[in-house]
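Before any comments, here is the structure.
Rule-based calculations on the coordinates, nothing more; no lab input. Quantities reported herein were computed from a predicted structural model and do not represent experimental measurements. Please note: Cβ atoms are built from the backbone with ideal geometry, for glycine as well, and neighbour counts cover all protein chains shown.
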Amino acid sequence: MNVPFLDLGVQYRAIQNEISEAMRPVFERTAFAGGPFVGEFEDQFARFCRTRFAVGVGNGTDSLWMALLGLGVGQGDEVITVPNTFIATAEAISFCGAKPVFVDVDEATCTMDPSRIESAITSRTKAIIPVHLYGQTADMDPILDIASRHGLRVIEDACQAHGALYKGRPAGSMGDAGCFSFYPGKNLGAYGEAGAVITNNEDLANAIRKFRDHGQARKYYHDIIGWNGRMDGIQGAILSVKLRHLPMWNEARRRVAAHYGDLLVDVEGIRLPEEADYARHVYHIYAVRVQDRDEFIQSMKTREINCAIHYPVPLHLQQAYRHLGYEQGAFPVTERIADELVSLPMYPELSDEQIKYTASSARELLMERLALA
Ligand SMILES: *Cc1c(COP(=O)(O)O)cnc(C)c1O
């Protein structure tokens, strides 16, 4: 049996007719760059996230960058985030002219450890970006509390957490802005590149709307120097279709996770993902931890089970961020996670047979190890 890490084709085949129907009006109205289909999706996504505004942009990296710019983060500022994330979180900070300042993550949830934030705050700190990694939100209340006491902005990187909840509140809706990616493999994925910023701040929504469209409110009259950061009309229409299915897909991901959990809970040598009591986890990634991770992944691969690693090198140890001057050992929890993490196959349509085969293979491999030890 083959178990892909992710299979976007099986999902497409299930909604093929809806997608085709949604495409026709986009082509007929030739509404390709921004336009009414993006607007419709924005309204629906804002409602889904329970915020006043959603602004569609070109991708998730742009959504982070534009949210930071729109909140006034710039040259010489510092923004606190985590080193256990995809590099886009830090790139967005860097491309504002600001400096990423890392704090370690919580061992149980792999998200920002709020107890580390205050000692990282300086007179230059402008904002905090917690990352809702793997589909689970960071512990937002203490983060929001610290931010408000120090006059800092909070931008949620919700690129892996579409539909996740924190104490009943939607991911992305709690800070000054929430940033989403609709990269094809995300829980809500476009058929190309797309992203969005959600916010309750009307000035911020308007600033990003203007910025993403070359700084113009009226065609060819440019109030500010902006950028081309629009979402495609085609992606808007596709995302409107897929948003209707997202709650079901997230439920299916939770069922896959529960099934993995049942099958692996008594296996020695594997640490399963923990769901915090505040969280409704939507399992973008099912991240387990094992020793000798690379060997484990190789052995799974010989059984045609495809795992992944999110992420093998923490940001503070990446070549691109060497100039920040962090050393190995600076963030021990993040570094441990980076050494041990294995993302098991995870998508809503994963079959019971595939889940059982993956879990029993993991069990066998880890038992063999125990026997050899
Ligand atoms: C995917 C992702 C991004 C970037 O989104 P793109 O649409 O690929 O630009 C940013 N942050 C995190 C945590 C992500 O997973």
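May I ask which residue of 102, 76, 144 lies farthest towards the positive end of the charge dipole of region 54-147, with charges of +1 (Lys, Arg) and -1 (Asp, Glu) on Cβ and the Cα centre as origin?
About the Cα centre, the residue reaching furthest to the positive side is 76.
Got a sec? Charge dipole of region 144-252, +1 on Cβ for Lys and Arg, -1 for Asp and Glu; which of 206, 195, 233 is way out at the positive end?
Going by the charge dipole, the pick is 233.
Relative to the Cα centre, what is the charge dipole magnitude of the chain, using +1 at the beta carbon of each Lys and Arg, -1 at the beta carbon of each Asp and Glu, and rounding to the nearest 20 debye? Don't skip to the end; give the middle numbers.
Details: 37 positive and 48 negative charges, 222 e Å.
It comes to approximately 1060 debye.
Among 22, 270, 182, whose Cα lies farthest out toward the positive end of the dipole of the chain, if unit charges sit on the beta carbon of Lys, Arg (+1) and Asp, Glu (-1)?
Highest projection toward the positive end goes to 22.
Among the complete DSSP H segments of the chain, which ones combine at least 18 Å of alpha-carbon extent along their axis with a mean Kyte-Doolittle hydropathy of -1.0 or more?
Working: long enough: 8-28 (28 Å, -0.22); 36-49 (20 Å, -0.06); 233-264 (43 Å, -0.08); 352-372 (30 Å, -0.33).
Taking the DSSP H segments of the chain (at least 18 Å long, mean hydropathy at least -1.0), we get 8-28, 36-49, 233-264, 352-372.
Among bridges DSSP assigns within region 124-241, what percent are antiparallel (round to 5)? Each step should come with its number before you reach the end.
Details: 9 of 15 bridges.
Around 60 percent antiparallel, to the nearest 5.
Please find, in a Gaussian network model of the chain (springs between Cα atoms separated by less than 10 Å), the residue of 96, 179, 49 whose mean-square fluctuation is greatest.
Between 96, 179, 49, it is 96 that shows the largest mean-square fluctuation.
What is the calculated FRET efficiency for residue 255 to residue 309, with r their C-beta to C-beta distance and R₀ = 22 Å, to the nearest 0.05?
Working from the Cβ atoms, E equals 0.35.
What are the equivalent ellipsoid semi-axes of region 35-118, built from the alpha-carbon gyration tensor (square roots of five times its eigenvalues), in whole angstrom, biggest first?
Numbers: eigenvalues 146, 61, 24 Å².
Semi-axes (√(5λ), whole Å): 27, 17, 11.
Report the Stokes-Einstein translational diffusion coefficient (µm² s⁻¹, integer) for region 143-235, Rh taken as the Kirkwood radius over Cα pairs, at 10 °C with viscosity 1.306 mPa s. Show your work: numbers first, answer last.
Numbers: Rh = 14.7 Å.
Translational D for this selection: 108 µm²/s.
Over the chain, with a Gaussian network built from C-alpha contacts below 10 Å, which listed residue (300, 174, 140) shows the highest mean-square fluctuation?
Looking only at 300, 174, 140, the largest GNM fluctuation is found for 300.
Evaluate the charge dipole of region 37-145 about its Cα centre and quote only its size in Debye, nearest 20, assuming +1 on the Cβ of each Lys and Arg and -1 on the Cβ of each Asp and Glu. Present the calculation step by step, with values, prior to reporting the outcome.
On the way: 7 positive and 15 negative charges, 63 e Å.
So the magnitude is around 300 debye.
Work out which trypsin sites (Lys or Arg not before Pro) in the chain are exposed loop sites (DSSP not H, G, I, E or B, at most 15 other Cβ within 10 Å) and give the longest gap free of them. Show your work: numbers first, answer last.
Working: sites that count: 29, 50, 52, 124, 167, 219.
Longest run free of exposed loop sites: 220-373.
State which stretch of the chain is the longest one without any exposed GluC sites (Glu not before Pro), exposure meaning a DSSP loop state and at most 10 other Cβ atoms within 10 Å.
On the way: sites that count: 268, 327.
Excluding the exposed sites themselves, the longest stretch runs over 1-267.
Can you tell me the convex hull volume per residue for region 214-272, based on C-alpha atoms, in Å³ to the nearest whole number? It would help to have the intermediate numbers written out before the result.
On the way: hull volume 8.9 nm³, N = 59.
Cα-based convex hull of region 214-272, divided per residue, equals 152 Å³.
Once you charge only the Cβ atoms, +1 for Lys and Arg and -1 for Asp and Glu, what is the size of the charge dipole of region 167-221 about its Cα centre, to the nearest 20 debye? Present the calculation step by step, with values, prior to reporting the outcome.
Working: 8 positive and 5 negative charges, 17 e Å.
Charge dipole, region 167-221, about its Cα centre: 80 debye, nearest 20.
Just the number: Rg to Rh for region 305-373, Cα atoms, Kirkwood Rh, two decimals. Don't skip to the answer; put the middle values down first.
Details: Rg = 16.7 Å, Rh = 14.7 Å.
So for region 305-373, dividing Rg by the Kirkwood Rh gives 1.13.
Based on alpha-carbon centroids, what's the gap between region 119-166 and region 201-265 in Å, whole number please?
19 Å
Which translational diffusion coefficient, to the nearest whole µm²/s, is obtained for the chain from the Stokes-Einstein equation, given a Kirkwood hydrodynamic radius over C-alpha pairs, 10 °C and 1.306 mPa s?
Working: Rh = 21.3 Å.
Using the Kirkwood radius from Cα pairs, D works out to 75 µm²/s.
Could you state the principal axis extents of the C-alpha atoms in region 95-183, from the largest down, to the nearest angstrom?
Principal axes ranked by extent give 35, 28, 21 Å for the Cα atoms.
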